[in-house]
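Only one structure is covered here, and it is reproduced in the block below.
The values are calculated or read from the model by the stated rules, or taken from the named source; none is laboratory data. The structure displayed is predicted, hence computed values, not measured ones. Cβ coordinates were reconstructed from backbone atoms using ideal geometry, including for glycine residues, and neighbour counts include every protein chain displayed. SASA here: full protein model, heavy atoms, side chains in, ligands and nucleic acids out. Shrake-Rupley method; radii C 1.70, N 1.55, O 1.52, S 1.80 Å.
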Amino acid sequence: MAARHEAAASTLLPVALCILTLLPHTLLGKPAEEDNAGSSALLQRVKRGWVWNQFFVLEEYTGLEPLYIGKLHSDMDKGDGSIKYILTGEGAGTTFTIDDSTGDIHAIQRLDREVKAQYVLRAQARNRLTDRPLEPESEFIVKIQDINDNEPKFLDGPYQASVPEMSKIGTSVIQLTASDADDPTYGNSARVVYSILEGQPYFSVDAKTGVVRVSLADMDRETRENYTVVIQAKDMGGQLGGLAGTTTVNITLSDVNDNPPMFDQRLYQMSVPESVPVGSVVGRIWAKDRDTGVNAEMKYSIIDGDGRDTFDIITDPTNLFGIITVKRPLNFESKPSYTLKVEGANTHLDPAFRHRGPFKDVTIVHVSVEDVDEPPQFDLPSYYIELPEDAEIGTVVKTVSARDPDAANNTVRYSIERSSDPEKYFYIEITSGSLMTVRSLDREQIGWHNITVLAMEMNNPTQIASVSVAVKVLDVNDNPPSLTHYLEAYVCENAKAGQLIQTVTAVDPDEPMGGQHFYYSLAPEAANNPNFTLRDNQDNTAWILTRRGGWSQQDQTVFYLPIFISDGEQPVQTSTSTLTIRVCSCNQEGNVMSCNAEAYSLPASLSRGALIAILACIFVLLVMILLMLSLRTHRKKPYLCDEEENVHENIVRYDDEGGGEEDTEAFDIAAMWNPREAHHHLGKMRQDMLPEIESLSRYVPQVCVMGGGGDSNVHGYVLAKLLEADMDPCAPPYDSLQTYAYEGEGSIAESLSSLQSGTSNTDHEYDYLNDWGPRFKKLAEMYGDESEATFGKIF
């Protein structure tokens, strides 16, 4: 291209130089007398000494020497070098230079019209010695002529475009525009022609406008979605030698609803446990659509089947899938399976493609209900019971019923949740479910009982159901009425006969259906009371009126008036309340001034010192009482300490021969001589372990011991201790005081003492010990064969 530009420049250069040659003219001119006859001699017109034209130069000069532009010459230039030419303006000194002696102008840089199309320069001729201007400064223009050195360019490429699938031939896709930097007014350098290099036969381009159009009918997005088209723009009208530029257009076929949906299965099998709650998801189905976006959105509906009322179907948020949910509770025992006929249809239809329909499809869904071990079910969701409060204990309130809904029909057991009946007013029979009372009811204390009854499967205790039983306690007239407020009134000393002193009202915790109605009268013992009378107002109130006048505190300060009250319900309840009426002194308006002057004046006369003295006396008395009680307690303390009263200690102390009644170390023998001492502890209950052997008291004849001498006192004490041991369920069975108190004639074992064993040489027979049972087996083994041994040796 550089050689071509250089050849063109060498051909046109002589022509340009001829055109741009400076034409000399005289700088001096004479005045025209015929034109300026009437003018003053001072106003003479001076002709310009040199005339400028526009300079033209081709762009893109690539020669080695500076490009000659033109020559400046003044007719005042004698060729002696006295004139100096000066060049100023755009590019002077950088792009253009001038020979100040000859006036030759050269371009020292490469010129590009697309960068700058023209330059404005100024020239002036000056005296070289004085530097005075010989002529005024003048402008001239250097214009750069265009050559075809720029190819067309697509400034916005590559391009993205879309067109609906199935579009008709000639449908516009996109319009492309290529820009050429060359001069559109000079030749064909900027005349662009478009053509398609790649993308046939699907698309074409208009040569003049650059509009890309569809050139193949029925292009299907589902078959191919993306296309790449290469477009060329060539200048010089597309002729040979023109420059060209290309760009890429990526075309996407947009979707239209031209494909009907279709289920991938004609039969769906699903299962769901019978215990799932309403709203649970059973499964999902999908009618596939080859289209995308809104053209693939679906709407599902159940159009037939025996499960239309049991199941429902909704569309998921993507509007693609159908979700089957439970609409009603399931029961495997009543119906183990369901069949649904489901339809899926497009929601956005394109009228241009209705002939490709129908845009819907149908499938069958079979739902199997799985058996689950369910808790028992009550025949009612809740129970409501009304029960009068006077119902007897053991009254059957209601019989609740629950059954196992499973095929096994396991046995059900009933119980009451204790947190719902903490006071245990009710009991439920475990097998029948009969709810009964076990305590008396009182509506005035608890008017409602909300009980929770539990039903549990016998074979699977984890399966428990509950039901609420609301028991309303009905009112029974079982409470007598009584006076309300204060049971005191007053009468003024100046009160007259028939004067109202008090209005009394009654209250009854019962709530009869017809409302409360009370009847008032004076008690029979006060029916002829000379001081007061009672008037029943028949509105549940009564008036207390005086019968006389002349009241005086000196005569009597307090009167007691018994009032008889009855209610109007059956059974009638009555009560008698006593109204205390005090005689008081009043002022003229009837306001009480004083009811008991002495009683009220007494506290006022007590000083602080007197009150302190009274409190001190009370404190001293309390201290003395506590000291007396403490001394009395120490006086009654037994001789043996707690450790010595241990039953094992007693056994050890008796582990020697002899002693008997004379052995006084194991217990207080002195206490046996006081029969009154034995009666103070009859009510005491022992806190020891339960006895393991029966007491011998059943074999001891109980004789009267009231009176008599010292022996009778001892015998009475022993019997008292025996009675105490018999009444004590916690008495120990081993050695203790009451066990060894059965000595003497009153015992069928006779005396076991060793006091008299030394004086008798007779052989003792102990075979009867074998008849006393296993408790005396060890004793019988020890003494059954040794007849010479004494029984008391073991103690």
Checklist entry - Do we find a residue being farther than 30 Å from residue 460 by Cβ, in contact (Cβ under 8 Å) with a residue 12 or more places away in the chain, open to solvent by 40 Å² or more (accessible area, probe 1.4 Å) and in a helix (DSSP H, G or I) anywhere in the range 294-313? => result yes
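A quick yes/no check of all residues on (1) open to solvent by 40 Å² or more (accessible area, probe 1.4 Å); (2) among the acidic types (Asp, Glu); (3) out of contact with any strand residue (DSSP E or B) (no Cβ under 8 Å at 6 or more places or on another chain):
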site	(1), (2), (3)
511	yes, yes, yes
519	yes, no, no
528	yes, no, yes
534	no, no, no
537	yes, no, no
Checklist entry - In the range 381-394, which residues are of a type outside the set (Phe, Trp, Tyr) and surrounded by 13 or more Cβ atoms within 10 Å (Cβ to Cβ)? => result 385, 387, 388, 389, 390, 391
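Mind checking whether some residue in the range 531-548 is small (Gly, Ala, Ser), more than 30 Å from residue 445 (Cβ to Cβ) and not in a loop (DSSP other than H, G, I, E, B)?
Pass one, the range 531-548, residues small (Gly, Ala, Ser): 542.
Next, only the ones that are more than 30 Å from residue 445 (Cβ to Cβ) stay: none.
Checked against the condition, which is being small (Gly, Ala, Ser), more than 30 Å from residue 445 (Cβ to Cβ) and not in a loop (DSSP other than H, G, I, E, B), the range 531-548 yields no hits at all.
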Item to check | Subset of the range 112-134 (residues that are surrounded by 17 or more Cβ atoms within 10 Å (Cβ to Cβ) and assigned to a loop (DSSP other than H, G, I, E, B)) | outcome: 113, 134
Checklist entry - Looking only at the range 139-174, which residues are surrounded by 14 or more Cβ atoms within 10 Å (Cβ to Cβ), more than 59 Å from the chain's Cα centre (by Cα) and not β-branched (Val, Ile, Thr)? => result 140, 145, 146, 148, 149, 150, 151, 152, 153, 154
Item to check | Every residue from the range 35-78 that is modelled with pLDDT of 55 or more, among the β-branched types (Val, Ile, Thr) and in a strand (DSSP E or B) | outcome: 57, 69
Checklist entry - Among (1) open to solvent by 50 Å² or more (accessible area, probe 1.4 Å); (2) without any contact (Cβ under 8 Å) to a residue 60 or more places away in the chain, which single condition is residue 207 missing? => result (1)
Checklist entry - For residue 109, which of the numbered conditions (1) open to solvent by less than 50 Å² (accessible area, probe 1.4 Å); (2) more than 30 Å from residue 233 (Cα to Cα); (3) part of a loop (DSSP other than H, G, I, E, B) fails to hold? => result (1)
Checklist entry - For the range 160-256, list the strands (runs of 3 or more DSSP E) that sit wholly inside it and hold at least 3 residues that are farther than 30 Å from residue 293 by Cα; which are they? => result 193-198, 226-234, 244-254
Checklist outcome for this item: Looking across the range 378-410 at residues that are among the polar types (S, T, N, Q) and modelled with pLDDT of 90 or more, the single one that is farthest from residue 274 (Cα to Cα) is 395
Checklist entry - Within the range 430-447, is there a residue that is assigned to a strand (DSSP E or B) and more than 23 Å from residue 473 (Cβ to Cβ)? => result no
Checklist entry - Within the range 779-792, which residues are at pLDDT 50 or above and surrounded by 11 or more Cβ atoms within 10 Å (Cβ to Cβ)? => result 779, 780, 781, 782, 783, 784
Item to check | Whichever residue in the range 465-497 is in contact with a Pro (Cβ under 6 Å, 6 or more places away or on another chain) and either assigned to a strand (DSSP E or B) or under 30 Å from residue 546 (Cα atoms) (or both) and, among such residues, is least open to solvent (accessible area, probe 1.4 Å) | outcome: 465
Checklist entry - Got a number for residues in the range 175-194 being modelled with pLDDT of 90 or more and crowded, with 17+ Cβ neighbours inside 10 Å? => result 5
Checklist entry - Applying the selection to the range 546-562, what residues are in contact (Cβ under 8 Å) with a residue 24 or more places away in the chain, open to solvent by less than 80 Å² (accessible area, probe 1.4 Å) and more than 11 Å from residue 529 (Cβ to Cβ)? => result 549, 551, 552, 553, 557, 558
Item to check | Enumeration of residues in the range 234-259 that are open to solvent by less than 20 Å² (accessible area, probe 1.4 Å) and under 14 Å from residue 174 (Cβ atoms) | outcome: 247, 249, 251, 253
